[in-house]
Amino acid sequence: MPDDTPRPLRARNADEKKRRRTEILDAAERLWSTASYSELSMSQVAAEAQLAKGTLYLYFDTKEELFLALLTSHLQRWGAACATRLREERPRTPDALTEVLLRGHSSAQPLRRLLLLYGAVLERNASPTWIQQAQQVMAQVLRDIVQELPYPPETSARLVMHLYALSVGWHQVAELGTRFQTPQGPPGLGDLLFEDEFTYALQALLRQLLPQLV
């Protein structure tokens, strides 16, 4: 339940600033789960986070900055979890690597949606400073994953590049699939499309990219 207790306009210390920033991102994501990016406004996010609109602008100047922050937050969490799984399990066959990379794919759905938004909207409209910061985070996450893959660096870099293209592409296809779903059709068509077809595509790619491991 929302807390109706009046909140100070400014956070008092670093911990409170960090907590309030997280609350803003959480509020934006809650709204985004039921509305399109174009429909959302900073005023709506401020209201959802129980903040004055002016307070929201102490953290983010634009909606693009807010969603870039949301993207980098999701990307860092996904990258850390993926790197940990790779480091602990060391998959050495295409099928084993596919299983590790796909584990928890449902929880990564917001990240894939944000990556779609990044290419279509955020990268074109956000300030150069915020774009540069986001790109630096992306580059670091990719380096961390490449470092944990038990393959030559050039092979690992190609793998990560293909993983990005496949995951974002198949997520878009899966979302389109839900629009064509009839009332009589099976529920969760988009999820089935992504899980089944992305798995198939990734396995096929890895068997070509890593033939020595088949």
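Every number in this text was worked out from the coordinates using simple rules, so none of it is lab data. From a predicted model like this one, the values you see are computed outputs, not experimental measurements. So basically every Cβ, Gly included, is an ideal-geometry build from the backbone, and we count neighbours across all protein chains shown.
Just subtract the alpha-carbon distance of residue 196 and residue 109 from 0.36 nm times their residue separation and send over the number in nm, one decimal. Working shown, then result.
Numbers: separation 87, 0.36 × 87 = 31.32 nm, distance 1.49 nm.
So the chain would gain 29.8 nm between residue 196 and residue 109.
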Report summary line: Calc'd 3J(HN,Hα), region 25-33, phi into Karplus 6.51 cos²θ - 1.76 cosθ + 1.60 (θ = phi - 60°), Hz, glycine/Pro = x, comes to 5, 5, 5, 4, 5, 4, 5, 5, 6
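FRET efficiency for residue 161 and residue 17, Cβ-Cβ distance as r, R0 = 30 Å, nearest 0.05?
On the way: r = 36 Å, r/R0 = 1.20.
With R0 = 30 Å, the Cβ-Cβ based efficiency is 0.25.
Apply 1/(1 + (r/R0)^6) to the Cβ-Cβ distance of residue 154 and residue 36, taking R0 = 41 Å, and write down the FRET efficiency to the nearest 0.05.
Once the sixth-power term is evaluated, E becomes 0.55.
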Report summary line: The ³J(HN,Hα) series, computed from each phi in region 85-90 with the Karplus coefficients 6.51, -1.76 and 1.60 at θ = phi - 60°, rounded to the nearest Hz and given as x for glycine or proline, is 4, 5, 5, 7, 9, 6
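Estimate the FRET efficiency between residue 62 and residue 143 by the formula 1/(1 + (r/R0)^6), using the beta-carbon distance for r and 25 Å for R0, to the nearest 0.05.
0.30
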Report task. Starting at the first residue of region 115-130, write each ³J(HN,Hα) from the Karplus equation 6.51 cos²θ - 1.76 cosθ + 1.60 with θ = phi - 60°, in whole Hz, x for Gly and Pro. Result -> 5, 4, 5, 4, x, 8, 10, 5, 5, 8, 10, 7, 5, x, 5, 5
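Taking a ≥ b ≥ c as the square roots of the eigenvalues of the Cα gyration tensor of region 62-213, is the shape rounded (a/c under 1.5), prolate (a/b larger than b/c) or oblate?
Working: a/c = 2.04, a/b = 1.06, b/c = 1.92.
Oblate, since a/c reaches 1.5 and b/c is not below a/b.
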Report summary line: Computed over region 1-149, the distribution of all Cα-Cα distances in 5 Å bins, rounded to whole %, is 1, 9, 16, 18, 18, 14, 11, 7, 4, 2, 0, 0
Requested in this report: Using Cα positions and a limit of under 16 Å, work out the lysines in reach of residue 63, with same-chain residues fewer than 8 apart set aside.
Outcome: 53
Report task. For region 70-128 and region 52-68, write down the distance between their C-alpha centroids in whole Å. Result -> 24 Å
